[in-house]
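Here's the structure we're looking at; comments come further down.
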Amino acid sequence: MPRIEKFESGHFETAFQYRYFVPNKVDVDWFWNSPLLNKLLEKAAIKLGELNSYARMVPNIDLFIQLHVAKEAVVSSKIEGTQTRIEEALLPIEDIQPERRDDWQEVNNYINALNATISQLERLPLSSRLLRNTHELLMQGVRGENKQPGEFRQSQNWIGGSSLADAVFIPPQHQLIPELMSDLEQFLHNEEVFVPDLIKIAIAHYQFETIHPFLDGNGRVGRLLITLFLVSKGILEKPLLYLSMFFEKNRSLYYDKLSAVRTKNDMLNWVNFFLVGIEETASRAVNTLSHVLLLKEQKEEMIDAEFGRRSTSAKVLLNGLFHEPTITVEKAVALTGLSFKAANDLVQLMREKGILTEQTGQSRNRIFVFEEYLQAFGYGEGK
């Protein structure tokens with residue numbers, strides 16, 4: 001039974017001209033004596049409870065989930081070097097400049113993978129199979145087609161550097177992956193290991209990133225694993241919490257803490273860091289939902305007071321904007337059932353009232369954005 005403070009992470013082995021790391025298995029009982037860890041665990045659990053309570057009070061909560069997903073996709077992909085703005089991520093590919101379409105594809109793969117996997121959790125357990133399915137969706141397209149989508153790697157990969165010779169970290173050889181991933185899966189589901197689930201997923205995220213089972217996309221799948229686990233355990237009632245923003249904000253610290261587990265056996269500081277991330281992210285999500293609810297209430301009051309006979313159609317369009325905050329007149333027609341002219345007049349009225357902003361500066365093929373909603377999620381104005 002390993003004590004977190006005395007954890008032994010694994011050992012290095014030599015192959016040809018490089019040394020790779022073999023992590024110790026994690027499907028064991030864990031214990032600790034750290035009062036700080038207990039306090040951080042309590043604070044994180046309380047904030048998650050607040051988020052769940054708030055989500056239950058929000059009418060039509062599913063309206064707001066899609067932008068959470070899009071935000072996560074943009075930020076998680078940014079960590080990997082992809083540069084797509086959330087406004088772009090929500091547009092169809094034909095509206096994206098050709099030189100930016102690869103980045104757009106990666107972000108939208110992430111959105112599709114997350115939505116599909118959350119849906120699959122209703123009938124499949126969180127497992128290596130599910131993670132491979134997620135990876136296959138994530139890696140579709142030009143950049144991922146040669147990276148064995150949906151399959152554990154069959155060759156050696158590395159982290160940092162340009163080759164095995166100057167790599168910062170070299171994960172275990174591919175022959176070890178099935179056994180290590182099987183152990184990780186058992187750990188996630190082992191009800192006889194009496195470890196709080198928030199600590200369990202902190203350990204599991206570290207272990208997954210250390211195994212690095214795919215040729216590419218390990219960071220994105222590993223961050224998705226956190227949300228998937230919390231949803232599958234019922235700890236998170238809706239997929240409203242994503243740690244990518246916290247990891248991006250503290251990127252150097254994130255990598256340093258993971259590395260310190262491997263090089264210094266410092267699991268305690270990694271778990272503490274992870275729990276701080278859970279608390280901060282849950283608190284931010286509660287504040288975002290509060291802001292969004294207030295915004296929705298204000299806009300509905302404005303529509304009631306100022307839109308007259310168009311108020312019913314305007315509220316339908318407003319609800320559509322909370323689901324997806326970019327719109328064209330054609331999309332407004334589809335949402336409201338109005339004629340093109342009537343939908344165009346309604347969009348122009350919403351623009352005049354400050355609800356929508358036109359993005360292209362063109363007279364044709366215009367795209368309108370609900371900027372205040374984006375800003376509630378930390379976008380726009382440098383937030």
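Taking each residue of the stretch 344-365 that is more than 12 Å from I327 (Cβ to Cβ) and in the same structural domain as L317 (by TED's automatic domain parsing) and looking for partners that are exposed (fewer than 14 other Cβ atoms within 10 Å of the Cβ) and at pLDDT 95 or above with beta-carbon atoms closer than 7 Å, six or more apart or interchain, yields K353/E306. The residues in the stretch 149-186 that are over 13 Å from V22 (Cα atoms) and within 22 Å of the chain's Cα centre (by Cα) can be counted, and the count is 7. Give me a count of the residues in the stretch 332-354 that are part of a helix (DSSP H, G or I) and either modelled with pLDDT under 95 or among the aliphatic types (A, V, I, L, M) (or both). Looking only at that region, the number is 10. Counting only helices (runs of 4 or more DSSP H) wholly contained in the stretch 213-330, the ones carrying 2 or more residues that are among the hydrophobic types (A, V, I, L, M, F, W, C), within 20 Å of F377 (Cβ to Cβ) and outside the structural domain of A343 (by TED's automatic domain parsing) occupy 218-232, 244-249, 267-306.
Taking each residue of the stretch 192-203 that is surrounded by fewer than 16 Cβ atoms within 10 Å (Cβ to Cβ) and looking for partners that are in a loop (DSSP other than H, G, I, E, B) with beta-carbon atoms closer than 8 Å, six or more apart or interchain, yields F194/D29.
Hey, does the stretch 89-100 have a residue that's crowded, with 20+ Cβ neighbours inside 10 Å, over 26 Å from T360 (Cα atoms) and at pLDDT below 90? No: zero hits. Given the structure, is I199 more than 26 Å from K43 (Cβ to Cβ), at pLDDT 95 or above and in contact with a Phe, Trp or Tyr (Cβ under 9 Å, 6 or more places away or on another chain)? When the stated conditions are applied, I199 does not pass them.
Looking across the stretch 16-32, the residues that are within 22 Å of F187 (Cα to Cα), modelled with pLDDT of 95 or more and not hydrophobic (A, V, I, L, M, F, W, C) come down to P23, N24, K25, D27.
Looking only at the stretch 157-173, count how many residues are under 14 Å from D216 (Cα atoms) and surrounded by fewer than 16 Cβ atoms within 10 Å (Cβ to Cβ). Spell out how you get there, then give the answer.
Residues of the stretch 157-173 under 14 Å from D216 (Cα atoms): 157-160, 170-171.
Add one more test, that the residue is surrounded by fewer than 16 Cβ atoms within 10 Å (Cβ to Cβ), and what stays is 160.
Counting residues in the stretch 157-173 that are under 14 Å from D216 (Cα atoms) and surrounded by fewer than 16 Cβ atoms within 10 Å (Cβ to Cβ) gives 1.
Summed over the stretch 117-144, residues that are crowded, with 16+ Cβ neighbours inside 10 Å and part of a helix (DSSP H, G or I) total 12.
The values are calculated or read from the model by the stated rules, or taken from the named source; none is laboratory data. Only a predicted model underlies this, so the values are computations on that prediction, with no experimental measurement involved. Positions of Cβ are backbone-derived with ideal geometry, glycine not excepted, and every protein chain shown enters the neighbour counts.
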